[in-house]
Amino acid sequence: VTDAELEADDAIAGNPELCGDCGKCLKACPTLALKADDMVDLDINGVKV
């Protein structure tokens, strides 16, 4: 926790493909809470991921 003034950067700078559909997150989830059928498309600052 800080009270320092920090400048925000672009959440997807240099990497517009945040999800490459590799499935690593699905395999790594210990509770199996993530399902491939539940995947959604997102729009982050005008970039579809």
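The values are calculated or read from the model by the stated rules, or taken from the named source; none is laboratory data. Quick caveat, the model's predicted, so the values are computed rather than measured. Cβ sites come from the backbone with ideal geometry, for glycine too, and all protein chains shown count toward neighbours.
For segment 27-42, the set of residues classified as of a type in the set (Asp, Glu) and more than 11 Å from the chain's Cα centre (by Cα) consists of 37, 38, listed by residue number. Residues of segment 18-49 that are modelled with pLDDT under 75 and touching a strand residue (DSSP E or B) at 6+ places or on another chain (Cβ under 9 Å): 18, 49.
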